[in-house]
Amino acid sequence: MTVRPIRYLGDPVLRRTARPVEAVNDAIRALIDDMIESMHEAQGVGLAAPQIGVGLQVVVLGMPEEEPFALVNPRVKSRSGTRVMDAEGCLSVPGYRGALQRSVKVTVEALDAHGRKIEITAEDDLLAEALEHEVDHLNGILYVDHIPDLGKLQKLRGTGWVDEGEPEEAEEPASSEATDTRERATGTAGKR
Ligand code: NI
């Protein structure tokens, strides 16, 4: 297993639509192993293949205290309800968190690491949030795309997907221009 570098906001691979996996073979399982190791190294709870520069529909999820697992070719089969997440983050946007709306209940169908069809339903928990977040990645969507005013992103001392640091005051006044915030986020990412 190999830890692969995380791609950051501004890298075009994060904006491309990932291709479906045609066969869940040893090469895909090796990719999954690398993704799980990379996710753990980065202290994340989810990682999509484009985040390590691979344009395939593969995600891994690792909820705290639970065995990590992979979803190949995941599709959101159904979602219902809305809730506001107050501090979502992304390994590809290190050092920031933001509030956005997610579904309460999410059902995803996919293949597992052995190519078997599986279906996962999560409700009102971190997994439900992560399922939508990671499937978004496969469609070139980042969580910040769901936040109308990027000036409201919180800057953190830590970098993790989950709470690795306390919010701190922005060093400069938050801009209402979305593009300014994106550039600041990218600049921060580039230092890591
Ligand atoms: Ni992410």
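The values are calculated or read from the model by the stated rules, or taken from the named source; none is laboratory data. All values reported here derive from a predicted model rather than from experimental measurement. With ideal geometry, Cβ positions are generated from the backbone for all residues, glycine too; neighbour counts draw on all protein chains shown. Side chains included, ligands, DNA and RNA excluded: accessible areas come from the protein's heavy atoms. Shrake-Rupley method; radii C 1.70, N 1.55, O 1.52, S 1.80 Å.
The table below gives the values:
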| quantity | calculated |
| --- | --- |
| Residue in segment 40-50 that is assigned to a helix (DSSP H, G or I), within 13 Å of the ligand (Cβ to nearest atom) and open to solvent by less than 30 Å² (accessible area, probe 1.4 Å) present | yes |
| Residue list for segment 120-172, filter: at pLDDT below 85, open to solvent by less than 40 Å² (accessible area, probe 1.4 Å) and within 14 Å of the ligand (Cβ to nearest atom) | Gly160, Trp161 |
| Qualifying residues in segment 51-67 (those that are of a type in the set (D, E, K, R) and at pLDDT 95 or above) - the one farthest from the ligand (Cβ to nearest atom) | Glu67 |
| Selection within segment 104-139 - of a type in the set (Val, Ile, Thr), over 16 Å from the mean Cα position of the chain (by Cα) and not in a loop (DSSP other than H, G, I, E, B) | Thr107, Ile118, Ile120, Thr121 |
| Where a residue in segment 132-145 is of a type in the set (D, E, K, R) and its partner, wherever it lies, is within 10 Å of the ligand (Cβ to nearest atom) and outside any helix (DSSP H, G or I), with Cβ under 8 Å and at least six apart | Glu134/Gly46; Glu134/Leu47; Glu134/Ala48; Glu134/Val59; Asp136/Leu142 |
| Contacts under 8 angstrom Cβ, first residue in segment 95-110 being without any contact (Cβ under 8 Å) to a residue 60 or more places away in the chain and more than 19 Å from Val60 (Cα to Cα), partner among the β-branched types (Val, Ile, Thr) and surrounded by 20 or more Cβ atoms within 10 Å (Cβ to Cβ), 6 or more apart | Gly98/Val144 |
| Test: residue in segment 20-27 that is open to solvent by less than 30 Å² (accessible area, probe 1.4 Å) and under 16 Å from the mean Cα position of the chain (by Cα) | no |
